[in-house]
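In what follows, a single structure is set out as structure tokens and then discussed.
The values are calculated or read from the model by the stated rules, or taken from the named source; none is laboratory data. From a predicted model like this one, the values you see are computed outputs, not experimental measurements. So basically every Cβ, Gly included, is an ideal-geometry build from the backbone, and we count neighbours across all protein chains shown.
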């Protein structure tokens, strides 16, 4: 059986408010630490289990800090696919804010699709639709977070 989740680390720069709130409530229920990392201060729910870490520097500084400091027993929430790929390689549980669990089986494919889309955008051949994070996406995230915390337990 895998080790229990010891903490939740959140790449918070682009994490929707509703998702941040769901994470904080789950941490409160399970009494585990949550670390929100961003390049700027972000409003967070009040909780003794929640910490805000402001990482100054270039936009990749948050990713570098998560890679360097998140323990193997952490659950990480990010929509950054290259970051997810690095973390999955280290064996961490990684979710995006829509409830997708990144695995060794799917993260390379997602990274390849992301890189291809970027090439199309850079060439002016593709413009992505707006990023709507609706109720279904929030519910899918809440379900996936609960499922992963149940599956791996919580070390709090």
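Odds and ends about this structure:
- Condition check for residue 33 on (1) more than 22 Å from residue 139 (Cβ to Cβ); (2) touching a helix residue (DSSP H, G or I) at 6+ places or on another chain (Cβ under 6 Å): one failure, at (2).
- Under the condition of being part of a helix (DSSP H, G or I) and over 18 Å from residue 144 (Cβ atoms), the residues counted in the range 18-38 number 1.
- Restricting attention to the range 1-11 and to residues that are in contact with a helix residue (DSSP H, G or I) (Cβ under 7 Å, 6 or more places away or on another chain) and in a strand (DSSP E or B), the residue that is surrounded by the fewest Cβ atoms within 10 Å (Cβ to Cβ) turns out to be 5.
- In the range 57-109, the residues that are outside any loop (DSSP other than H, G, I, E, B), in contact with a strand residue (DSSP E or B) (Cβ under 6 Å, 6 or more places away or on another chain), within 18 Å of residue 12 (Cβ to Cβ) and without any contact (Cβ under 8 Å) to a residue 24 or more places away in the chain: 87, 94, 102
- Any hit, the range 39-55, residues being within 20 Å of residue 146 (Cβ to Cβ), touching a residue at least 24 places away in the same chain (Cβ under 8 Å) and not in a loop (DSSP other than H, G, I, E, B): yes
- Flag for residue 42 being at pLDDT below 95, surrounded by 16 or more Cβ atoms within 10 Å (Cβ to Cβ) and within 17 Å of the chain's Cα centre (by Cα): yes
- Within the option set 14, 56, being closer than 17 Å to residue 97 by Cβ, surrounded by fewer than 20 Cβ atoms within 10 Å (Cβ to Cβ) and at pLDDT below 90 holds for one residue only, 14.
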